[in-house]
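Participant: Before I ask anything, here is the structure I am working with.
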């Protein structure tokens, strides 16, 4: 299976982008939020088989988080099965509770992610913080930068930070390569401040909700508005709320 994957990807037509000088990823990511719960039961063996199909098709970038249920463990099993970590990229998230964050706490959680993912270095660690009023997020970035210098993290990114907070990080000398935010033709908030600021500082935007969990698809074109009973997954419930708010 590994040889087939390697041979196929060498001729893949899947579009890639350069996130950093030493990190290329697929323009379309394989999101693993669906294994966190709210989308039905997950069978690990079946999940690995499905992951192999994506890999063979050239979709080799996986977006996950330490809070996405078994996502990091699945990546570890997947890495062990295909036998070569260079054939795919695993971008995980660090999502701690707000509050004082010591170096030992941050190190512990990053080490746990590495252990679960069976990796020596995380390609991209995307940091999320729940409370902007709690400036301890700067302490977290100091600790993550140290782990980056120790080669446990290749690159630092963010998840759901606003432009003002990213500006503070840049002013404090932190090197951020990306920020993952909701962005679609319905929700265009990042266009106002974020995209010009990020273009100036060489920061990429990784978007989610681009197809509103499937609402931007032929299935819903010309169809009646779905009832709450028909919203059977967390994705449909989340993005139906977005439609109600923004649409």
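The values are calculated or read from the model by the stated rules, or taken from the named source; none is laboratory data. Since the model is a prediction, treat every value here as computed from it, not as a measurement. For neighbour counting, all protein chains shown are included, and Cβ atoms are generated from backbone atoms with ideal geometry for every residue, glycine included.
Participant: Any residue in the stretch 78-90 that is part of a strand (DSSP E or B) and either out of contact with any helix residue (DSSP H, G or I) (no Cβ under 7 Å at 6 or more places or on another chain) or buried (at least 17 other Cβ atoms within 10 Å of the Cβ) (or both)?
Facilitator: Among the residues of the stretch 78-90, at least one is part of a strand (DSSP E or B) and either out of contact with any helix residue (DSSP H, G or I) (no Cβ under 7 Å at 6 or more places or on another chain) or buried (at least 17 other Cβ atoms within 10 Å of the Cβ) (or both), which makes the answer yes.
Participant: Being over 15 Å from residue 169 (Cα atoms) and within 18 Å of the chain's Cα centre (by Cα) is the filter here; which residues of the stretch 190-203 pass it?
Facilitator: 190
Participant: Quick one: how many residues across the stretch 19-39 are in a loop (DSSP other than H, G, I, E, B) and free of Cβ contacts under 8 Å to residues at least 40 places away in the same chain?
Facilitator: Qualifying residue count for the region: 3.
Participant: Filter the stretch 215-247 for residues that are within 18 Å of the chain's Cα centre (by Cα) and free of Cβ contacts under 8 Å to residues at least 60 places away in the same chain and give the result.
Facilitator: Selection gives 238, 239.
Participant: If residue 119 meets every condition in (1) in a loop (DSSP other than H, G, I, E, B); (2) within 27 Å of residue 55 (Cα to Cα); (3) free of Cβ contacts under 8 Å to residues at least 40 places away in the same chain apart from one, which number is that one?
Facilitator: (3)
Participant: Something else: Got at least one residue in the stretch 128-135 being assigned to a helix (DSSP H, G or I) and loosely packed, with under 15 Cβ neighbours inside 10 Å? Give the steps one after another, and end with the answer.
Facilitator: Within the stretch 128-135, the subset assigned to a helix (DSSP H, G or I) is none.
Checking the stretch 128-135: not a single residue is assigned to a helix (DSSP H, G or I) and loosely packed, with under 15 Cβ neighbours inside 10 Å.
Participant: Further question on the same structure: Hey, can you tell me all the residues within the stretch 205-215 that are outside any helix (DSSP H, G or I) and touching a helix residue (DSSP H, G or I) at 6+ places or on another chain (Cβ under 7 Å)? So that I can check it myself, show each step before the final result.
Facilitator: Taking the stretch 205-215 and keeping what is outside any helix (DSSP H, G or I), we get 205-211, 215.
Residues satisfying the conditions are 205, 209, 215.
Participant: Let me ask another. Output the residues belonging to the stretch 45-64 that are outside any loop (DSSP other than H, G, I, E, B) and touching a strand residue (DSSP E or B) at 6+ places or on another chain (Cβ under 6 Å).
Facilitator: Going through the stretch 45-64, the residues outside any loop (DSSP other than H, G, I, E, B) turn out to be 45-56, 61-63.
Listed by number, the residues that qualify are 54, 61, 62, 63.
Participant: Then there is this: Would you be able to say whether some residue in the stretch 96-105 is more than 13 Å from residue 144 (Cα to Cα), out of contact with any helix residue (DSSP H, G or I) (no Cβ under 6 Å at 6 or more places or on another chain) and buried (at least 17 other Cβ atoms within 10 Å of the Cβ)?
Facilitator: no
Participant: Here's a check for you: in the stretch 165-197, which residue that is in a helix (DSSP H, G or I) and without any contact (Cβ under 8 Å) to a residue 24 or more places away in the chain is surrounded by the fewest Cβ atoms within 10 Å (Cβ to Cβ)? Let's see the steps before the verdict.
Facilitator: Going through the stretch 165-197, the residues in a helix (DSSP H, G or I) turn out to be 165-171, 189-191, 194-197.
Next cut, without any contact (Cβ under 8 Å) to a residue 24 or more places away in the chain only: 171, 189-191, 195-196.
Numbers: 171: 8, 189: 13, 190: 19, 191: 10, 195: 15, 196: 11.
In this case the residue turns out to be 171.
Participant: So if I check each of 67, 42, which one is modelled with pLDDT under 95, outside any helix (DSSP H, G or I) and surrounded by 14 or more Cβ atoms within 10 Å (Cβ to Cβ)?
Facilitator: Checking each option against the conditions leaves just 42.
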